[in-house]
Amino acid sequence: MRQTQLFTRTRREAPKDEVAKNAELLIRAGFIYKEMAGAYAYLPLGLRVLNKIVGIIREEMNALGGQEVLLTALQNRQVWETTNRWSDEVVNNWFKTKLKNGAEVGLAFTHEEALTNLMRDYIRSFRDLPAAVYQFQTKFRNEERAKSGIMRGREFLMKDLYSFNVDEITHQAFYDRAKQAYLRVFDRVGLGGETYLTFASGGSFSKYSHEFQTVSEAGEDLIYVHEAKRIAVNKEVLNDEVLANLGLKREELVEKKSVEVGNIFTLGTRFSEPLGLSYKDAAGVSKPVFMGSYGIGPGRVMGTIVETHTDDKGIVWPESVAPFAVHLLALFDEAGAVKAAADTLYENLTKQGIEVLYDDRDVGAGEKFGDADLIGIPKRYVLSAKTLQKGEIEIKDRATGVVTMKALSDL
Ligand code: ATP
Ligand code: MG
(Lines give C-alpha, C1' and ligand atoms only; values in the text may rest on other atoms or scores of the structure.)
(Ligands and ions follow the chains in the order given, each with its own letter.)
Protein backbone atom coordinates (compact mmCIF):
# COMPACT_ATOMS: atom_id res chain seq x y z
CA MET A 1 0.00 0.00 0.00
CA ARG A 2 1.16 3.48 -0.84
CA GLN A 3 0.98 5.76 2.17
CA THR A 4 -0.31 8.63 0.00
CA GLN A 5 -3.38 6.44 -0.60
CA LEU A 6 -3.94 5.62 3.06
CA PHE A 7 -6.74 7.87 4.32
CA THR A 8 -5.57 7.75 7.92
CA ARG A 9 -2.77 9.86 9.35
CA THR A 10 -0.64 9.78 12.47
CA ARG A 11 -1.19 12.21 15.31
CA ARG A 12 1.44 13.76 17.53
CA GLU A 13 -0.86 14.23 20.51
CA ALA A 14 -2.56 11.49 22.45
CA PRO A 15 -6.33 11.89 22.70
CA LYS A 16 -7.16 13.63 25.97
CA ASP A 17 -9.89 11.30 27.18
CA GLU A 18 -7.85 8.11 26.69
CA VAL A 19 -6.04 6.57 29.65
CA ALA A 20 -5.05 3.16 28.20
CA LYS A 21 -1.64 2.95 26.53
CA ASN A 22 -2.91 0.54 23.86
CA ALA A 23 -5.68 2.87 22.72
CA GLU A 24 -3.49 5.96 22.97
CA LEU A 25 -0.82 4.49 20.69
CA LEU A 26 -3.24 2.78 18.32
CA ILE A 27 -5.22 6.02 17.87
CA ARG A 28 -2.07 8.13 17.40
CA ALA A 29 -0.68 5.67 14.84
CA GLY A 30 -3.99 5.48 12.94
CA PHE A 31 -4.98 1.87 13.69
CA ILE A 32 -8.27 2.55 15.47
CA TYR A 33 -10.83 5.32 15.94
CA LYS A 34 -12.68 5.91 19.17
CA GLU A 35 -16.41 6.16 18.60
CA MET A 36 -17.19 6.41 22.33
CA ALA A 37 -15.96 4.81 25.53
CA GLY A 38 -15.74 1.05 24.95
CA ALA A 39 -16.51 1.29 21.22
CA TYR A 40 -13.66 1.45 18.72
CA ALA A 41 -13.60 1.29 14.93
CA TYR A 42 -10.76 -0.58 13.23
CA LEU A 43 -9.07 1.44 10.45
CA PRO A 44 -7.11 -0.10 7.54
CA LEU A 45 -3.89 -0.66 9.53
CA GLY A 46 -5.77 -1.89 12.59
CA LEU A 47 -7.99 -4.23 10.63
CA ARG A 48 -4.94 -5.83 9.01
CA VAL A 49 -3.56 -6.64 12.48
CA LEU A 50 -6.92 -7.86 13.77
CA ASN A 51 -7.36 -10.08 10.70
CA LYS A 52 -3.91 -11.61 11.18
CA ILE A 53 -4.78 -12.49 14.77
CA VAL A 54 -8.11 -13.89 13.60
CA GLY A 55 -6.31 -15.89 10.89
CA ILE A 56 -3.96 -17.51 13.41
CA ILE A 57 -6.82 -18.39 15.75
CA ARG A 58 -8.87 -19.77 12.83
CA GLU A 59 -5.99 -22.05 11.73
CA GLU A 60 -5.68 -23.46 15.23
CA MET A 61 -9.44 -23.93 15.65
CA ASN A 62 -9.65 -25.70 12.28
CA ALA A 63 -6.74 -27.94 13.29
CA LEU A 64 -8.77 -28.91 16.36
CA GLY A 65 -11.59 -29.98 14.07
CA GLY A 66 -13.67 -26.87 14.70
CA GLN A 67 -16.34 -25.96 12.12
CA GLU A 68 -16.86 -22.24 11.59
CA VAL A 69 -20.30 -20.65 11.71
CA LEU A 70 -21.72 -17.17 12.22
CA LEU A 71 -24.62 -16.94 14.65
CA THR A 72 -26.82 -13.90 15.09
CA ALA A 73 -26.13 -11.09 17.51
CA LEU A 74 -29.88 -10.68 18.13
CA GLN A 75 -31.06 -13.09 20.80
CA ASN A 76 -34.37 -14.74 21.49
CA ARG A 77 -35.66 -13.99 24.99
CA GLN A 78 -37.39 -17.37 25.44
CA VAL A 79 -34.19 -19.31 24.87
CA TRP A 80 -32.36 -17.36 27.59
CA GLU A 81 -35.26 -17.66 29.99
CA THR A 82 -34.91 -21.44 29.72
CA THR A 83 -31.44 -21.27 31.28
CA ASN A 84 -32.38 -18.44 33.66
CA ARG A 85 -29.93 -15.98 32.10
CA TRP A 86 -32.39 -13.43 30.66
CA SER A 87 -32.99 -11.49 33.84
CA ASP A 88 -30.90 -8.37 34.50
CA GLU A 89 -30.62 -9.49 38.12
CA VAL A 90 -28.80 -12.64 37.00
CA VAL A 91 -26.77 -11.12 34.14
CA ASN A 92 -25.86 -7.49 34.78
CA ASN A 93 -24.27 -6.60 31.44
CA TRP A 94 -27.05 -7.24 28.91
CA PHE A 95 -27.82 -4.79 26.16
CA LYS A 96 -31.48 -5.30 25.29
CA THR A 97 -33.71 -3.67 22.74
CA LYS A 98 -37.30 -3.94 21.48
CA LEU A 99 -38.93 -4.96 18.22
CA LYS A 100 -41.65 -2.72 16.70
CA ASN A 101 -44.29 -4.91 18.33
CA GLY A 102 -42.74 -4.36 21.75
CA ALA A 103 -41.15 -7.80 22.09
CA GLU A 104 -37.75 -7.71 23.78
CA VAL A 105 -34.61 -9.09 22.15
CA GLY A 106 -31.08 -9.16 23.52
CA LEU A 107 -27.70 -8.43 21.94
CA ALA A 108 -25.55 -11.48 22.64
CA PHE A 109 -22.88 -11.18 25.33
CA THR A 110 -22.01 -14.86 24.72
CA HIS A 111 -23.58 -17.67 22.65
CA GLU A 112 -23.96 -20.82 24.79
CA GLU A 113 -27.74 -20.63 24.72
CA ALA A 114 -28.08 -19.80 21.03
CA LEU A 115 -25.76 -22.56 19.84
CA THR A 116 -27.04 -25.22 22.24
CA ASN A 117 -30.55 -24.46 21.03
CA LEU A 118 -29.45 -24.61 17.38
CA MET A 119 -27.56 -27.91 17.80
CA ARG A 120 -30.75 -29.60 19.00
CA ASP A 121 -31.83 -29.71 15.35
CA TYR A 122 -28.67 -31.58 14.32
CA ILE A 123 -27.59 -33.87 17.16
CA ARG A 124 -29.73 -37.00 17.50
CA SER A 125 -27.51 -39.93 18.33
CA PHE A 126 -24.02 -40.74 19.57
CA ARG A 127 -23.06 -40.97 15.88
CA ASP A 128 -23.50 -37.19 15.56
CA LEU A 129 -20.87 -36.61 18.25
CA PRO A 130 -18.33 -35.26 18.92
CA ALA A 131 -18.75 -31.80 17.38
CA ALA A 132 -16.84 -28.55 17.79
CA VAL A 133 -18.36 -25.34 16.44
CA TYR A 134 -16.89 -21.86 16.52
CA GLN A 135 -17.35 -18.34 15.26
CA PHE A 136 -15.87 -14.87 15.27
CA GLN A 137 -18.73 -12.71 16.40
CA THR A 138 -19.42 -9.31 17.84
CA LYS A 139 -20.38 -9.50 21.49
CA PHE A 140 -22.10 -6.73 23.40
CA ARG A 141 -21.49 -6.26 27.10
CA ASN A 142 -22.59 -3.27 29.10
CA GLU A 143 -19.29 -3.19 30.97
CA GLU A 144 -19.29 -0.83 33.95
CA ARG A 145 -15.79 0.44 33.29
CA ALA A 146 -14.41 0.73 29.79
CA LYS A 147 -11.06 2.37 30.45
CA SER A 148 -8.73 -0.28 29.04
CA GLY A 149 -8.98 0.69 25.39
CA ILE A 150 -9.60 -2.21 23.01
CA MET A 151 -8.87 -4.66 25.83
CA ARG A 152 -12.32 -4.02 27.29
CA GLY A 153 -14.93 -2.99 24.76
CA ARG A 154 -18.68 -2.72 25.23
CA GLU A 155 -18.82 -4.03 21.69
CA PHE A 156 -16.00 -6.41 20.78
CA LEU A 157 -15.05 -9.37 18.64
CA MET A 158 -14.87 -12.78 20.28
CA LYS A 159 -13.84 -16.15 18.97
CA ASP A 160 -16.04 -18.58 20.82
CA LEU A 161 -15.86 -22.31 20.28
CA TYR A 162 -18.22 -24.81 21.87
CA SER A 163 -17.57 -28.53 22.11
CA PHE A 164 -20.17 -31.28 22.23
CA ASN A 165 -19.26 -34.72 23.50
CA VAL A 166 -20.99 -37.89 24.69
CA ASP A 167 -19.43 -37.82 28.15
CA GLU A 168 -16.90 -36.23 30.45
CA ILE A 169 -14.04 -38.52 29.40
CA THR A 170 -14.25 -37.68 25.70
CA HIS A 171 -14.83 -34.03 26.63
CA GLN A 172 -11.66 -34.00 28.73
CA ALA A 173 -9.56 -35.33 25.84
CA PHE A 174 -10.84 -32.53 23.59
CA TYR A 175 -10.41 -29.96 26.35
CA ASP A 176 -6.75 -30.92 26.75
CA ARG A 177 -6.17 -30.54 23.01
CA ALA A 178 -7.90 -27.15 23.08
CA LYS A 179 -5.59 -26.07 25.90
CA GLN A 180 -2.58 -26.86 23.69
CA ALA A 181 -4.16 -25.08 20.72
CA TYR A 182 -4.62 -21.98 22.89
CA LEU A 183 -0.98 -22.04 23.99
CA ARG A 184 0.00 -22.26 20.31
CA VAL A 185 -2.21 -19.27 19.45
CA PHE A 186 -0.56 -17.09 22.10
CA ASP A 187 2.88 -18.27 21.03
CA ARG A 188 2.16 -17.49 17.40
CA VAL A 189 0.83 -13.97 18.04
CA GLY A 190 3.99 -13.15 19.99
CA LEU A 191 2.65 -13.40 23.55
CA GLY A 192 4.09 -16.84 24.35
CA GLY A 193 6.81 -15.65 26.69
CA GLU A 194 4.54 -13.75 29.05
CA THR A 195 1.33 -15.81 28.88
CA TYR A 196 0.54 -18.43 31.54
CA LEU A 197 -1.99 -21.21 31.74
CA THR A 198 -3.88 -20.08 34.83
CA PHE A 199 -6.19 -21.96 37.17
CA ALA A 200 -9.38 -20.00 37.79
CA SER A 201 -12.84 -20.60 39.19
CA GLY A 202 -14.67 -23.36 37.40
CA GLY A 203 -18.35 -22.80 38.02
CA SER A 204 -20.63 -25.72 38.74
CA PHE A 205 -19.16 -28.53 36.65
CA SER A 206 -15.45 -28.66 37.16
CA LYS A 207 -13.07 -27.60 39.84
CA TYR A 208 -11.28 -25.11 37.65
CA SER A 209 -11.57 -23.26 34.43
CA HIS A 210 -8.37 -22.33 32.64
CA GLU A 211 -7.52 -18.79 31.79
CA PHE A 212 -4.66 -17.64 29.62
CA GLN A 213 -3.19 -14.65 31.42
CA THR A 214 -0.59 -12.33 29.93
CA VAL A 215 1.59 -10.51 32.43
CA SER A 216 1.17 -6.75 31.98
CA GLU A 217 0.93 -3.70 34.20
CA ALA A 218 -2.20 -2.79 32.25
CA GLY A 219 -3.96 -5.94 33.45
CA GLU A 220 -7.01 -5.93 35.68
CA ASP A 221 -6.32 -9.40 37.17
CA LEU A 222 -3.85 -10.62 39.77
CA ILE A 223 -2.21 -13.98 39.26
CA TYR A 224 0.38 -16.01 41.16
CA VAL A 225 2.97 -17.33 38.74
CA HIS A 226 5.10 -20.47 39.05
CA GLU A 227 7.80 -19.56 36.56
CA ALA A 228 9.47 -22.99 36.25
CA LYS A 229 6.17 -24.82 35.68
CA ARG A 230 4.84 -21.98 33.49
CA ILE A 231 1.48 -22.02 35.24
CA ALA A 232 -0.34 -19.57 37.46
CA VAL A 233 -3.24 -19.40 39.89
CA ASN A 234 -5.78 -16.60 39.72
CA LYS A 235 -6.06 -14.68 42.98
CA GLU A 236 -9.80 -15.41 43.03
CA VAL A 237 -9.13 -19.10 43.77
CA LEU A 238 -5.83 -18.87 45.66
CA ASN A 239 -6.08 -20.71 48.99
CA ASP A 240 -4.29 -23.52 50.83
CA GLU A 241 -6.58 -26.22 49.50
CA VAL A 242 -6.09 -25.18 45.88
CA LEU A 243 -2.32 -24.95 46.31
CA ALA A 244 -2.21 -28.46 47.81
CA ASN A 245 -4.42 -29.67 45.01
CA LEU A 246 -2.08 -28.32 42.34
CA GLY A 247 1.09 -29.35 44.21
CA LEU A 248 2.28 -25.74 44.51
CA LYS A 249 3.92 -23.93 47.41
CA ARG A 250 2.87 -20.33 48.10
CA GLU A 251 6.48 -19.17 48.48
CA GLU A 252 7.34 -20.38 44.96
CA LEU A 253 4.69 -18.12 43.45
CA VAL A 254 5.14 -14.50 42.37
CA GLU A 255 2.21 -12.08 42.24
CA LYS A 256 1.77 -10.32 38.89
CA LYS A 257 -0.78 -8.09 37.22
CA SER A 258 -2.15 -9.68 34.08
CA VAL A 259 -4.68 -9.58 31.26
CA GLU A 260 -7.05 -12.50 30.65
CA VAL A 261 -6.57 -13.08 26.91
CA GLY A 262 -8.45 -16.38 26.78
CA ASN A 263 -10.65 -18.59 28.90
CA ILE A 264 -11.72 -22.22 28.51
CA PHE A 265 -14.50 -23.85 30.48
CA THR A 266 -16.03 -27.22 31.11
CA LEU A 267 -19.77 -26.58 30.94
CA GLY A 268 -20.95 -30.14 31.43
CA THR A 269 -24.72 -30.31 31.03
CA ARG A 270 -25.39 -26.81 32.45
CA PHE A 271 -26.90 -25.71 29.09
CA SER A 272 -27.75 -28.97 27.35
CA GLU A 273 -30.08 -30.10 30.14
CA PRO A 274 -32.40 -27.07 30.36
CA LEU A 275 -32.38 -26.62 26.55
CA GLY A 276 -32.95 -30.32 25.89
CA LEU A 277 -29.85 -31.00 23.83
CA SER A 278 -29.56 -34.77 24.18
CA TYR A 279 -28.50 -37.79 22.15
CA LYS A 280 -29.40 -41.47 22.09
CA ASP A 281 -26.53 -43.73 23.11
CA ALA A 282 -25.83 -47.15 21.52
CA ALA A 283 -28.45 -48.75 23.76
CA GLY A 284 -31.04 -46.14 22.72
CA VAL A 285 -30.95 -44.32 26.06
CA SER A 286 -31.33 -40.54 25.91
CA LYS A 287 -28.50 -38.58 27.57
CA PRO A 288 -27.61 -34.87 27.82
CA VAL A 289 -24.69 -33.72 25.66
CA PHE A 290 -21.53 -32.84 27.58
CA MET A 291 -20.25 -29.37 26.62
CA GLY A 292 -17.30 -27.03 26.89
CA SER A 293 -16.74 -23.41 25.84
CA TYR A 294 -13.55 -21.74 24.68
CA GLY A 295 -13.18 -17.94 24.24
CA ILE A 296 -10.54 -15.54 22.96
CA GLY A 297 -10.95 -11.82 22.29
CA PRO A 298 -8.87 -10.93 19.19
CA GLY A 299 -9.18 -7.21 20.03
CA ARG A 300 -8.07 -7.82 23.59
CA VAL A 301 -5.14 -9.85 22.23
CA MET A 302 -4.22 -6.94 19.92
CA GLY A 303 -4.43 -4.45 22.80
CA THR A 304 -2.32 -6.74 24.98
CA ILE A 305 0.33 -7.04 22.27
CA VAL A 306 0.55 -3.24 22.16
CA GLU A 307 0.74 -2.99 25.95
CA THR A 308 3.65 -5.42 26.02
CA HIS A 309 5.46 -4.57 22.76
CA THR A 310 6.42 -0.89 22.73
CA ASP A 311 9.37 1.38 23.30
CA ASP A 312 9.48 5.17 23.85
CA LYS A 313 8.99 5.76 20.11
CA GLY A 314 5.95 3.59 19.47
CA ILE A 315 4.69 0.11 18.77
CA VAL A 316 6.96 -2.87 18.01
CA TRP A 317 4.74 -5.44 16.26
CA PRO A 318 5.68 -9.12 16.29
CA GLU A 319 6.14 -10.20 12.66
CA SER A 320 3.20 -12.60 12.68
CA VAL A 321 0.61 -9.88 13.34
CA ALA A 322 2.28 -6.76 11.92
CA PRO A 323 0.08 -4.83 9.46
CA PHE A 324 2.91 -5.02 6.89
CA ALA A 325 6.25 -6.85 6.84
CA VAL A 326 8.21 -3.93 5.40
CA HIS A 327 7.93 -0.16 5.72
CA LEU A 328 9.66 1.31 2.69
CA LEU A 329 10.76 4.90 3.26
CA ALA A 330 11.84 6.88 0.22
CA LEU A 331 13.82 10.03 1.08
CA PHE A 332 13.18 11.97 -2.12
CA ASP A 333 15.91 13.92 -3.93
CA GLU A 334 15.46 16.90 -6.27
CA ALA A 335 16.25 14.91 -9.41
CA GLY A 336 13.53 12.31 -8.74
CA ALA A 337 15.92 9.36 -8.97
CA VAL A 338 15.01 8.07 -5.51
CA LYS A 339 11.31 8.23 -6.30
CA ALA A 340 11.77 6.26 -9.51
CA ALA A 341 13.94 3.61 -7.82
CA ALA A 342 11.58 3.35 -4.81
CA ASP A 343 8.56 2.94 -7.11
CA THR A 344 10.30 0.07 -8.89
CA LEU A 345 11.42 -1.53 -5.64
CA TYR A 346 7.88 -1.27 -4.23
CA GLU A 347 6.47 -3.00 -7.32
CA ASN A 348 9.11 -5.73 -7.18
CA LEU A 349 8.68 -6.48 -3.47
CA THR A 350 4.90 -6.53 -3.84
CA LYS A 351 5.20 -8.92 -6.78
CA GLN A 352 7.26 -11.24 -4.58
CA GLY A 353 4.31 -11.37 -2.19
CA ILE A 354 5.97 -9.20 0.45
CA GLU A 355 3.54 -6.92 2.27
CA VAL A 356 4.93 -3.40 1.95
CA LEU A 357 3.73 -0.07 3.25
CA TYR A 358 5.47 2.45 0.97
CA ASP A 359 5.97 5.92 2.41
CA ASP A 360 5.78 7.84 -0.86
CA ARG A 361 4.58 11.04 0.82
CA ASP A 362 6.23 14.34 0.00
CA VAL A 363 7.34 15.03 3.59
CA GLY A 364 10.69 15.32 5.35
CA ALA A 365 12.87 12.43 6.50
CA GLY A 366 12.25 13.23 10.18
CA GLU A 367 8.50 12.85 9.78
CA LYS A 368 8.90 9.59 7.89
CA PHE A 369 11.24 8.12 10.53
CA GLY A 370 8.99 9.27 13.39
CA ASP A 371 5.87 7.81 11.83
CA ALA A 372 7.63 4.53 10.99
CA ASP A 373 8.73 4.15 14.62
CA LEU A 374 5.22 4.94 15.87
CA ILE A 375 3.48 2.51 13.47
CA GLY A 376 5.98 -0.22 14.35
CA ILE A 377 6.38 -2.35 11.21
CA PRO A 378 9.16 -4.94 11.84
CA LYS A 379 11.51 -4.00 8.97
CA ARG A 380 12.23 -0.45 7.82
CA TYR A 381 13.83 -0.08 4.38
CA VAL A 382 15.32 3.36 3.71
CA LEU A 383 16.19 4.44 0.21
CA SER A 384 17.95 7.81 -0.12
CA ALA A 385 20.12 9.52 -2.74
CA LYS A 386 23.15 8.36 -0.75
CA THR A 387 22.19 4.67 -0.57
CA LEU A 388 20.95 4.69 -4.15
CA GLN A 389 24.31 5.96 -5.35
CA LYS A 390 25.90 2.83 -3.87
CA GLY A 391 23.13 0.65 -5.26
CA GLU A 392 22.06 -0.18 -1.71
CA ILE A 393 19.21 0.09 0.73
CA GLU A 394 19.40 0.51 4.50
CA ILE A 395 17.44 -2.07 6.51
CA LYS A 396 16.63 -1.40 10.16
CA ASP A 397 15.05 -3.94 12.46
CA ARG A 398 12.35 -2.22 14.55
CA ALA A 399 12.78 -4.51 17.55
CA THR A 400 16.59 -4.62 17.84
CA GLY A 401 17.51 -1.38 16.09
CA VAL A 402 20.16 -3.29 14.14
CA VAL A 403 20.97 -1.67 10.78
CA THR A 404 22.27 -3.58 7.76
CA MET A 405 22.90 -2.62 4.15
CA LYS A 406 21.65 -4.68 1.26
CA ALA A 407 22.30 -4.49 -2.47
CA LEU A 408 19.24 -3.27 -4.37
CA SER A 409 19.88 -5.93 -6.97
CA ASP A 410 19.24 -8.59 -4.28
CA LEU A 411 15.71 -7.27 -3.79
P1 ATP B 1 -13.29 -10.33 32.04
O2 ATP B 1 -13.21 -11.13 33.30
O3 ATP B 1 -12.00 -9.72 31.63
O4 ATP B 1 -14.43 -9.39 32.00
P5 ATP B 1 -14.67 -12.55 31.00
O6 ATP B 1 -14.14 -13.62 31.89
O7 ATP B 1 -16.00 -12.02 31.25
O8 ATP B 1 -13.60 -11.38 30.89
P9 ATP B 1 -15.13 -14.39 28.88
O10 ATP B 1 -16.58 -14.41 28.98
O11 ATP B 1 -14.34 -15.53 29.42
O12 ATP B 1 -14.57 -13.04 29.49
O13 ATP B 1 -14.75 -14.07 27.37
C14 ATP B 1 -13.80 -14.79 26.60
C15 ATP B 1 -12.71 -13.88 26.11
O16 ATP B 1 -13.24 -12.73 25.44
C17 ATP B 1 -11.85 -13.29 27.21
O18 ATP B 1 -10.86 -14.20 27.60
C19 ATP B 1 -11.29 -12.05 26.55
O20 ATP B 1 -10.18 -12.39 25.72
C21 ATP B 1 -12.42 -11.60 25.66
N22 ATP B 1 -13.20 -10.52 26.27
C23 ATP B 1 -14.08 -10.61 27.30
N24 ATP B 1 -14.63 -9.43 27.58
C25 ATP B 1 -14.10 -8.55 26.70
C26 ATP B 1 -14.29 -7.17 26.45
N27 ATP B 1 -15.14 -6.45 27.18
N28 ATP B 1 -13.58 -6.59 25.45
C29 ATP B 1 -12.72 -7.31 24.71
N30 ATP B 1 -12.50 -8.62 24.88
C31 ATP B 1 -13.18 -9.24 25.86
MG1 MG C 1 -13.21 -15.14 31.76
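Taking K21 as the anchor, which lysines have their alpha carbon closer than 19 Å to its alpha carbon, excluding any fewer than eight residues away along the same chain? Result set, ordered by chain and number: K34, K147, K256, K257, K313.
Each label point was placed 7 Å from the Cα along the Cα-to-Cβ direction; for D311 and D362 their separation is 3.3 nm. Give, as ranges by residue number, the residues of the range 294-327 whose backbone N falls under 17 Å from the point 7 Å along Cα→Cβ of I395. Only 319-320, 324-327 pass the distance filter. Measure nothing fancy, just the Cα-based angle from helix 337-351's long axis to the longest principal axis of the chain, in degrees from 0 to 90, nearest 10. Helix 337-351 and the main axis of the chain meet at about 30 degrees. Charge tally for R127 (other residues, Cβ to Cβ under 11 Å; Lys, Arg +1; Asp, Glu -1): 0.
Calculated FRET efficiency, L246 to T170, Cβ-Cβ distance, R0 = 35 Å: about 0.90 to the nearest 0.05. With Cα atoms as the point set, the chain shows a radius of gyration and Dmax of 24.6, 85 Å. Check cross-link reach from K179 to the lysines: straight Cα distance under 18 Å, and skip same-chain residues fewer than eight apart. Result set, ordered by chain and number: K159, K207, K229.
Model label points for E334 and R184, set 7 angstrom from Cα along the Cα-to-Cβ axis, are 5.9 nm apart.
For the pair K98 and S286, a Förster radius of 41 Å applied to the C-beta separation gives a FRET efficiency near 0.65, rounded to the nearest 0.05. By the rule of a C-alpha distance below 18 Å, with chain neighbours fewer than 8 residues away ignored, the aspartates and glutamates paired with K16 are E24, E35. Counting heavy atoms of the protein chains alone, V90 has an accessible area of about 80 Å² for a 1.4 Å probe. Normalising the average separation of contacting C-alpha pairs (under 8 angstrom, six or more residues apart) by the number of residues puts the relative contact order of the range 76-138 at 24 percent.
The mean sequence distance of close C-alpha pairs (under 8 Å, at least 6 residues apart), as a share of the length of the chain, puts its relative contact order at 16 percent.
If you take the square roots of the eigenvalues of the alpha-carbon gyration tensor of the range 1-102 and sort them as a ≥ b ≥ c, do you get rounded (a/c under 1.5), prolate (a/b over b/c) or oblate?
Values: a/c = 2.53, a/b = 1.52, b/c = 1.66.
Oblate, because a/c is 1.5 or more while a/b does not exceed b/c.
Taking a ≥ b ≥ c as the square roots of the eigenvalues of the alpha carbon gyration tensor, the range 326-410 is rounded, as a/c is under 1.5. About its Cα centre, the dipole of the chain is roughly 560 debye, where the only charges are +1 on Lys and Arg Cβ and -1 on Asp and Glu Cβ. Farthest towards the positive end of the charge dipole of the chain, among the residues S209, N51, I377, is the Cα of N51, using unit charges on the Cβ of Lys, Arg, Asp and Glu.
The slack between E319 and V19, meaning 0.36 nm per residue of separation minus the straight C-alpha distance, is 105.3 nm. Gain on full extension, evaluated as 0.36 nm per residue between T138 and A228 minus their Cα-Cα distance, stands at 28.7 nm. A 1.4 Å probe, protein heavy atoms only, puts the accessible area of F164 near 0 Å².
The values are calculated or read from the model by the stated rules, or taken from the named source; none is laboratory data. Quick caveat, the model's predicted, so the values are computed rather than measured. Here the Cβ is made from the backbone with ideal geometry for all residues, glycine too, and neighbour counts use every protein chain on show. Accessible surface is based on the protein model in full, side chains and every heavy atom, while ligands, DNA and RNA are left aside. Shrake-Rupley method; radii C 1.70, N 1.55, O 1.52, S 1.80 Å.
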